[in-house]
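The values are calculated or read from the model by the stated rules, or taken from the named source; none is laboratory data. In this text the structure is predicted, and so the values were computed from the model without any measurement. All Cβ positions, glycine included, derive from the backbone under ideal geometry; neighbour counts span all protein chains shown.
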Amino acid sequence: MDLAEELRTNPEAGARRLLAEHGARLRAFALRLCGDAAAADDLCLRAFARAVGRIGQLRGADPHPWLCSILVRMRRSDLRRAGAQAERAAEPGELEALPDPGPDPLAALVARSDAEAVADAVSRLPEHYRAAILLRYWEDLPLEETAEALGVPLGTAKFRLSRARALLRAALEPLFGKEPR
C-alpha cells in the first residue's frame, strides 16, 4: 500500500510509517536549516503533523521534497512571526560530520577542517540562500524540486543558488584561495 493511501485509511499507522521512512532525513535537513536541535525537532513535528493533515496535496511518489517544502514554509512563517531577519545556524560541529576519508590522520584533519569551514560559511548565509543551498546540495534535490520546496519560480531558485555560491566563494576564498578544491 502506498504511503498516501495508508495515511488516508489508517492515519496512525501511516503517520508511524511516514516518520520511520522520512524522519531522520527531514530532521537532519531541519537541523541544518535552523541550527538548533530543539527548534529543528519542533519544526519537524509540526511539519509531519501538517503533512498528515494535508496528505491529499501530495503529488508524486517521493514525499521527501513535499515534506521539505512544508518545513521550509513553516520555518519562513516562524521567522516572519518572530520578526527575525537572519538567525544564525548551528556551529559547524553540530552539523552532520563527514565520514573519515582514510587512514592518514593529517588528511583526515585537513578534510574535517575544510568541511567545518564550508559548514560555517553555509551557516552564515542569509536564510533564503541557506535554504536553497541545503535543498539543492545537501538534500540533492533537482532544481525544479528545489524551487518547488522553496515555493518560488525556477528562475528565482537559480538566482538564489547562484548568489549563495558567490557568497560562499567570497567567504571561503581567504581560506582556500581562488583555486577550486
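From the residues in region 147-181 that are aliphatic (A, V, I, L, M) and exposed (fewer than 15 other Cβ atoms within 10 Å of the Cβ), which one is farthest from residue 71 (Cα to Cα)? Show your work before the answer.
Going through region 147-181, the residues aliphatic (A, V, I, L, M) turn out to be 147, 149-150, 152, 154, 157, 161, 164, 166-168, 170-172, 175.
From what's left, exposed (fewer than 15 other Cβ atoms within 10 Å of the Cβ): 154, 166, 170, 175.
On the way: 154: 19, 166: 25, 170: 29, 175: 33 Å.
Result: 175.
Can you name every residue in region 22-55 that is free of Cβ contacts under 8 Å to residues at least 24 places away in the same chain and either farther than 25 Å from residue 120 by Cα or among the acidic types (Asp, Glu) (or both)?
Within region 22-55, 41, 42, 45, 49, 53, 54 meet the criteria.
Does residue 72 meet the test of being more than 22 Å from residue 119 (Cα to Cα), in contact (Cβ under 8 Å) with a residue 40 or more places away in the chain, surrounded by 14 or more Cβ atoms within 10 Å (Cβ to Cβ) and not charged (D, E, K, R)?
On the way: more than 22 Å from residue 119 (Cα to Cα): no; in contact (Cβ under 8 Å) with a residue 40 or more places away in the chain: yes; surrounded by 14 or more Cβ atoms within 10 Å (Cβ to Cβ): yes; not charged (D, E, K, R): yes.
For residue 72, the condition - more than 22 Å from residue 119 (Cα to Cα), in contact (Cβ under 8 Å) with a residue 40 or more places away in the chain, surrounded by 14 or more Cβ atoms within 10 Å (Cβ to Cβ) and not charged (D, E, K, R) - is not met.
Given the criteria at pLDDT 90 or above and farther than 16 Å from residue 31 by Cα, does residue 154 qualify? Please lay out each step first, then the result.
Working: at pLDDT 90 or above: yes; farther than 16 Å from residue 31 by Cα: yes.
For residue 154, the condition - at pLDDT 90 or above and farther than 16 Å from residue 31 by Cα - is met.
Can you find even one residue in region 84-96 that is modelled with pLDDT of 80 or more and buried (at least 20 other Cβ atoms within 10 Å of the Cβ)?
The answer is no, given that none of the residues of region 84-96 is modelled with pLDDT of 80 or more and buried (at least 20 other Cβ atoms within 10 Å of the Cβ).
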